Structure formats: structure tokens, C-alpha cells
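Beneath this line is the structure, given in C-alpha cells, with notes to follow.
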Amino acid sequence: MRDQVREKVAGEICLSDEPGKTIRKWREQFHISQQELSKHLGVSPSVISDYEAGRRKSPGIVTVRKIVDAFLDIDEKTGGQILKQYSLAAKTDSIISIKEFAKEVLATELVDMIEGDNLTPAIGLDKHIHGYTVIDSIRAITSLNSFDYLKIYGWSSQRALVFTGVKFGRSPMIAIRAHPLKPAIVVYQKPEQVDELAIRLAELEGIPLIRTELPVSDLIEGLQSLG
């Protein structure tokens, strides 16, 4: 599993148009500070900062490998939570599409891409989104157990959860409120009607609730083009 994760992360960084931003995205995914990473690598924190900000020449493959190995070493020393999440990330029947972005995406950019309407205007859209999961809400209600529920978060909870087949929107928000993991943003795809309770729960959690009328295929195509 470690080798699979190592190749995935290193590949994303090396193939990224902005490797510094991708390094920062993965550092944040692993919940590692610049100081912690620099100490593990034996370099100044300013070196990491310069890479991430694009002030320093993009690192070569050898340096990328060292950075990725540092992510994994630090994660394993603290219980291997990210590696465990990776092993949980296989799709279930209720997951229509799931993806981790190569670099973080602003919530505003995501909402614009899906032609979304913010039902919670008091909650800002200045969050960074690391990925998305499109979920068949009917199948999720009937088949998703507590173990499978973790799979919808993929590598990071800092993601958009997109629910299709929504009638009133109460059930998804009740499930989110009851679970300790929270998404960065929730999207309802062509809901029949959004109940005031769903909006109120989103406001209590500080999670933007977005409505989109795009067909599922167009929605996924737009999301896949991000990051």
C-alpha cells in the first residue's frame, strides 16, 4: 500500500503544471506543517515555502521522492491515518464518481463550474477543495454502512460531496451532522425541493449548501476538468 501511495503522490507532483501547489496540497492532506516537513528533510522551512510558492526552481524527481517519503514516514509515525484512508477509498455501489484534485480548487471555482446556486449565502466560498465524490443518495440511504461511509471521503474530507436523487435534502445533512467527518461543501444535484431543515443544518455546520440543475453527466464532466 505504501508503494502505491508513494507512486500516486510523486506522479501527481511531477506531472503537475504547478508542482509547488501540488506539494502544498499533499502536505496539507497529510496534516504536516512546513516546519515538521523541513525538520524531517533536514532543510530550512524557507526551502519548503519557496518550493510551494514557486519561488524556487521546481524540484527534480530525486527531491520529490524525498518529500513524498517524508510525508509517508511522518504519517506512519503518527499512526498511518492517511495510508488507512487510502485503503478505504475503493468505490461502493453508491459512489458514482470520486476524484482527488492534483491541486487545490477554490470553492468559488467549483460552484461556477457546476452552475451552482448557494443556498447558504451567509457562508463564504473561500474554502480550498481537494476533491469530490458524487453519491447516489437513494443507494446510500439503503446500502451505505458506517464503514462504507468513510469511503466517500477518499483521501480528504476537504472535498465536495455531491448528492444525486435528492428529494428534500434532509437525510444527507442529518447524516453529515451526525458524523465527525465533515465535507468542505455539499451539493444537491436537481433536488425536487430543498427543505428548510437541510439549509438550517448546513448553516449550523458552517458548510455551504449548493444546488445545481446540471445533468449528472455534465456535472461530472465539469468536476473532472477541475484541479
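Just so it is clear, none of the values below were taken in a lab; they were calculated from the coordinates. All values derive from a computational prediction rather than experimental measurement. Quick reminder, even Gly has a Cβ in these numbers, built from the backbone with ideal geometry, and neighbours come from all protein chains shown.
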Stretch in the chain that is longest and holds no trypsin sites (Lys or Arg not before Pro) that DSSP places in a loop and that have at most 11 other beta carbons within 10 Å = 58-227
Evaluate the distance, in nm, between pseudo-label points positioned 7 Å from the Cα of L106 and of Q81 along their respective Cα→Cβ axes.
-> 2.9
Equivalent-ellipsoid semi-axes of the stretch 91-224, from the Cα gyration tensor, Å, largest first = 18, 17, 15
Distance in nm between label sites at Q224 and D93, each 7 Å beyond Cα in the beta-carbon direction?
-> 2.4
For H31 paired with A53, estimate the spin-label separation in nm (one decimal), with each label point 7 Å from Cα along the Cα-to-Cβ line.
-> 2.7
Residue among I23, V47, I96 farthest towards the positive dipole end of the chain, charges placed on Cβ | V47
Given a cut-off of under 8 Å on Cα pairs at least six residues apart, what relative contact order in percent is computed for the stretch 10-99?
-> 27
Considering only DSSP beta bridges whose two residues both sit in the stretch 91-224, what percent are antiparallel, to the nearest 5?
-> 40
Under 5 Å between amide H atoms, partner at least 5 residues away or on a different chain: which partners does Y188 have, H built in plane at 1.01 Å?
-> F163, I210, R211, T212
Under 13 Å from the Cα of K151, which aspartates and glutamates turn up, not counting those fewer than eight places away in the same chain?
-> D93, E100
Run the dipole for the chain about the Cα centre, Lys and Arg Cβ at +1, Asp and Glu Cβ at -1, nothing else charged, and hand back the magnitude in debye, nearest 20.
-> 700
Identify, among F163, P215, G60, the residue whose Cα sits farthest towards the positive end of the charge dipole of the chain, taking +1 on the Cβ of Lys and Arg and -1 on the Cβ of Asp and Glu, with the dipole about the Cα centre.
-> G60
By how many nm would the segment from E115 to E192 grow when fully extended, if each residue of separation counts as 0.36 nm and the alpha-carbon distance is taken off?
-> 26.0 nm
From the cross-link list K103/K127; K99/K127; K25/K127; K39/K84, the entries with a Cα-Cα span beyond 21 Å are K39/K84
Counting only DSSP beta bridges fully inside the chain, the antiparallel percentage to nearest 5 is 40
To the nearest 0.05, what FRET efficiency results for L15 and I138 with a Förster distance of 35 Å applied to their C-beta separation?
-> 0.45
